[in-house]
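Only one structure is covered here, and it is reproduced in the block below.
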Amino acid sequence: MNYEAVIGLEVHVQLKTRSKMFTRTAAGYGLPPNTLTDPVVLALPGALPVMNRAAIELIIKAGMLLGCEIAPVCKWDRKNYFYPDSPKNYQITQYDQPICRGGAVEIELPGAARNLMGGHRTIPLTRIHLEEDVGKLSHSGRESVVDYNRAGTPLMEIVSEPAMHSADEAFAFLTALKTVMIYGGISDCDMEKGQLRCDANVSIRPAGAAALGVKVELKNLNSISFVRDGIAHEIRRQTALAEAGGAIVQETRDYDGRSGVSQSLRSKEQEHDYRYFPDPDLMPVEVDEAWKSRIRATCPELPFDKQRRFLEQYRIPYTITSVLVPDRELSDYFEAAAQLGESPQGVGNWIVNDLQRELAGAGVALADAKVRPAHVAALVKLVGSGAIASQAAKEVFIEMFRTGEMPEAVVARKNLGAGTDANELEGWCRAAIAGDARSLADFKAGKDSAINAFKGPVMRAAKGRANPKLVDETLRRLLAE
């Protein structure tokens, strides 16, 4: 029997706020254990929560970016459970009145044609709600310790519909969602810092069946690659179990990404196990149209929309847009340079290849680079006009990156202009033709591309300073004689 996998994801995203959800205590990462605490975080008697307005605005913004319906009123509930990572023995969350409902995440299907005209689909969302994060437990042997620095950090839970059918689709969903969150300034989504965490609900059913199978929840998927690997592993495990006549039980399993093995943690809780009830210390939140309008004005263009626009407006290929667009800062840099120059594709090539290489080699952030969009646009213009050869332009770019000089200044200082004596150029071209009888014969036989064999020796003789257009014209004139 053939089986189909059905996958839903629950994605937790820490919001990018300066303070925690219900207290003014700072939110942060990497500080000494238990230093980001106060009476509210530690649930000391008499400590009362106060809502973080910035966190509410960020989740509304996230909902707008993902096309959610923003509730006019949302309320707060207590999710009761007893575990050392929660000092209160309950978590403040949103149960039956979340702030965002519906919405969707656009993904690029694995193996799709790289043109954005097809190969995309949307994964529907159930809801997005806001809650507080818990502390971090660490285990060693028979001992466990807890760090409450993370406890109380604003945490957004994004719940997808069970609408994915492969591990690769889940990977694409998380990749796209992460990009949107970073674009919107909602979260940095650094999984190593716990800013983005994911649980996966996986089930299988006979191919073509409508009813859902018994779902298994996978925990501790601490990288997007481990999410993909864990889901693929779970699909194989459930399929093998079903084919052997075994019963799949609803449970929570821990997946170890390093060993590629999962193990059962516990039976899956039901909603009634948490005994939800409204939090008596917090008032509901009303979201009016004026508030939504102010937030909507801060929403950026979505990544895939920007990529489609780049393809249409600037006529640059997918290979360039796929590097530029996932990085909002890099794509803004490109657009600034493209609007200053005459060749968007030339600008894109320099940014994607040379600028990225130099940034990585120097360990410098784009914001700190001395090469600005105006530098790139000016260099592209010099090459396009024939004032400098492509080979020499590489040297100019490296020098621009090092010093911050404009390309014209570098060309003048290092005498890299493409000016070569016409007689000297003709001599180099004649020597190149005379030195390659085979390519000469190929060209005369009608193979036009054979002319390229002569250009290398000419450019080497000119030390990269010859105008490629003039080289081509001179070679063709001599070959026609």
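The values are calculated or read from the model by the stated rules, or taken from the named source; none is laboratory data. The structure presented is a predicted model; accordingly, all values stated were derived computationally and were not measured. A quick note on method: Cβ atoms are made from the backbone with ideal geometry, for glycine too, and the neighbour counts reach across all protein chains shown. What goes into the accessible areas is simple: the full protein's heavy atoms, side chains included, and nothing from ligands, DNA or RNA. Shrake-Rupley method; radii C 1.70, N 1.55, O 1.52, S 1.80 Å.
Looking only at region 285-308, count how many residues are acidic (D, E) and either open to solvent by less than 80 Å² (accessible area, probe 1.4 Å) or part of a helix (DSSP H, G or I) (or both). Number satisfying all stated conditions: 3. Being more than 19 Å from A71 (Cβ to Cβ), aliphatic (A, V, I, L, M) and surrounded by 11 or more Cβ atoms within 10 Å (Cβ to Cβ) is a property that holds for A242.
The residues listed here are D85, D96, D38; of these, the one that is closer than 30 Å to L302 by Cβ, charged (D, E, K, R) and not in a helix (DSSP H, G or I) is D96. Which numbered condition trips up Y183, out of (1) open to solvent by less than 20 Å² (accessible area, probe 1.4 Å); (2) under 30 Å from A43 (Cβ atoms)? Of everything listed in (1) open to solvent by less than 20 Å² (accessible area, probe 1.4 Å); (2) under 30 Å from A43 (Cβ atoms), Y183 misses just condition (2). Just give me the residues in region 366-385 being surrounded by fewer than 18 Cβ atoms within 10 Å (Cβ to Cβ) and over 14 Å from S343 (Cα atoms), in sequence order. Correct list: L366, A367, D368, A369, K370, R372. Set side by side, the residues A409, A453 differ, and just one is modelled with pLDDT of 85 or more, assigned to a helix (DSSP H, G or I), over 29 Å from G341 (Cα atoms) and open to solvent by 20 Å² or more (accessible area, probe 1.4 Å), which is A453. Filtering region 150-169 to residues that are closer than 13 Å to V13 by Cβ and in contact with a helix residue (DSSP H, G or I) (Cβ under 6 Å, 6 or more places away or on another chain) leaves P154, M156. Taken as a whole, region 244-258 holds at least one residue that is polar (S, T, N, Q) and within 19 Å of E161 (Cα to Cα). Is it the case, given these coordinates, that E169 is charged (D, E, K, R) and either modelled with pLDDT under 95 or on the phi > 0 side of the Ramachandran plot (or both)? Considered against the rule, which asks whether it is charged (D, E, K, R) and either modelled with pLDDT under 95 or on the phi > 0 side of the Ramachandran plot (or both), E169 comes out as no. Return the residues of region 101-126 that are modelled with pLDDT of 95 or more and either open to solvent by less than 40 Å² (accessible area, probe 1.4 Å) or β-branched (V, I, T) (or both); say none if nothing qualifies. Scanning region 101-126 gives G102, G103, A104, V105, I107, T122, I123, L125, T126.
If you scan region 152-175, which residues turn out to be farther than 14 Å from V227 by Cα and surrounded by fewer than 23 Cβ atoms within 10 Å (Cβ to Cβ)? Residues satisfying the conditions are E157, V159, E161, P162, A163. When you scan region 201-217, do you find a residue that is in a helix (DSSP H, G or I) and modelled with pLDDT of 95 or more, even just one? Checked against the condition, which is being in a helix (DSSP H, G or I) and modelled with pLDDT of 95 or more, region 201-217 yields no hits at all. Could you check region 80-95 and list, in sequence order, the residues that are over 14 Å from G152 (Cα atoms) and either open to solvent by less than 40 Å² (accessible area, probe 1.4 Å) or in contact with a helix residue (DSSP H, G or I) (Cβ under 9 Å, 6 or more places away or on another chain) (or both)? Within region 80-95, N80, Y81, Q94, Y95 qualify. When you check E473 against the structure, is it open to solvent by 80 Å² or more (accessible area, probe 1.4 Å) and closer than 27 Å to E342 by Cα, yes or no? Yes, satisfied. Only residues that are open to solvent by less than 40 Å² (accessible area, probe 1.4 Å) and among the basic types (K, R) were counted across region 309-365, and they come to 0. Restricting region 412-441 to residues that are closer than 30 Å to A362 by Cα and not charged (D, E, K, R), the residue that is surrounded by the fewest Cβ atoms within 10 Å (Cβ to Cβ) is N415. The single residue among E395, E405 that is closer than 30 Å to Q356 by Cβ and touching a Gly at 6+ places or on another chain (Cβ under 9 Å) turns out to be E395. Could you go through region 161-170 and let me know if any residue there is assigned to a loop (DSSP other than H, G, I, E, B) and touching a Lys or Arg at 6+ places or on another chain (Cβ under 7 Å). Within region 161-170, not a single residue is assigned to a loop (DSSP other than H, G, I, E, B) and touching a Lys or Arg at 6+ places or on another chain (Cβ under 7 Å).
For N467, the stated conditions hold: it is at pLDDT below 90, open to solvent by less than 40 Å² (accessible area, probe 1.4 Å) and of a type in the set (S, T, N, Q).
Flag: L282 does not match the condition of being of a type in the set (A, V, I, L, M, F, W, C), closer than 30 Å to E399 by Cα, touching a Pro at 6+ places or on another chain (Cβ under 9 Å) and not in a helix (DSSP H, G or I).
Taken over region 192-234, the criterion of being farther than 23 Å from M156 by Cα, open to solvent by less than 30 Å² (accessible area, probe 1.4 Å) and of a type in the set (D, E, K, R) is satisfied by E234 alone. Residues that are part of a helix (DSSP H, G or I), among the acidic types (D, E) and either without any contact (Cβ under 8 Å) to a residue 24 or more places away in the chain or under 20 Å from F171 (Cβ atoms) (or both) do not occur anywhere in region 236-258. Of all residues in region 55-67, those being open to solvent by 20 Å² or more (accessible area, probe 1.4 Å) and touching a residue at least 60 places away in the same chain (Cβ under 8 Å) number 4.
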